[in-house]
Amino acid sequence: MDTDAEASDYDSMDHRAVNDVFVTDFLAAASAANVLPQVVDARQQTNENDENEDDESPPIDILDLGTGTARIPIALCRRCPQVRVVATDLAISMLEIARLNIEVASLRDRIRLDREDAKQLPYESANFLAVISNSIVHHIPAPQQALAEAVRVAGPGGILFIRDLLRPTDDASVTQLMELYAGQENEHSRAMFAASLRAALALDEIRAMVVDLGFPADGVQQTTDRHWTWIAQR
């Protein structure tokens, strides 16, 4: 999605429900692994408690690979006052819209945008308490290199939470999913979604990659009719 039109169409699609589920699932996984015990969902706090949490809790640094237009970092920061996000993407067009979205959300002090290749990250090893990514793996040539970099920059005991589209078994399934989840979008957006489904990994392919990285295959599970999720702890 390198063009302005593609980035604009992507940002105009209604991903709110999917993004909220991603954030909810990430927080649940982090809590279950006792990786980020200080993360508290702001929606469950009173204003007074929110202020106390902001004052007393150390910041939690999270890396978001393939942030797109930064909708997930924004949703995460709104729910977790302690979180700071380094959000990366390689597409300038995406980052330009992301910058506007962050400005509108008044989160410039908590979300930093970096234009980086997920296969060659500039960050020090073990630098982040969590590495997250949503629906970027199918865009990356040689995606295992990006997964290896995600592992490298996650700190000891840190969590990796990677979610992406799952390739359907046939064209009929592609059409069914496209109509179900992008049926109300414009023709260009529908075509992008169908192309993404066809470019996605199958479950056995992503499991083989994580095994090569030294993690158990069952850390990858199909989590919706169109997504797989890999959860791992360093």
Using 0.36 nm times the number of residues separating Arg16 and Gln184, minus their current alpha carbon distance, what extension gain do you get?
59.0 nm
Note, Leu197: beta-carbon cut-off 15 Å, +1 each Lys/Arg, -1 each Asp/Glu, net -2
What does the charge count around Ala208 come to, taking other residues whose C-beta lies under 15 Å from its C-beta (Lys +1, Arg +1, Asp -1, Glu -1)?
-3
So in the range 114-234, what percent of DSSP beta bridges are antiparallel if you round to the nearest 5?
60
Heavy-atom accessible area with a 1.4 angstrom probe orders His188, His15, His138, most exposed first, as His188, His15, His138
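Quick one: net charge around Leu177, please, counting Lys, Arg +1 and Asp, Glu -1 for every other residue with C-beta under 9 Å from its C-beta. Before the final figure, lay out the partial values.
Working: positive: Arg226; negative: Glu179, Asp225.
With Lys, Arg at +1 and Asp, Glu at -1, the neighbours total -1.
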May I ask you to evaluate 6.51 cos²θ - 1.76 cosθ + 1.60, the Karplus curve with θ = phi - 60°, for each residue of the range 137-142 and list the ³J(HN,Hα) values in order in whole Hz, giving x for glycine and proline?
4, 6, 8, 9, x, 6
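The values are calculated or read from the model by the stated rules, or taken from the named source; none is laboratory data. Just so we're clear, the structure is a prediction, and the values are computed from it rather than from any experiment. Positions of Cβ are backbone-derived with ideal geometry, glycine not excepted, and every protein chain shown enters the neighbour counts. Areas reflect the complete protein model, heavy atoms only, side chains present, ligands, DNA and RNA absent. Shrake-Rupley method; radii C 1.70, N 1.55, O 1.52, S 1.80 Å.
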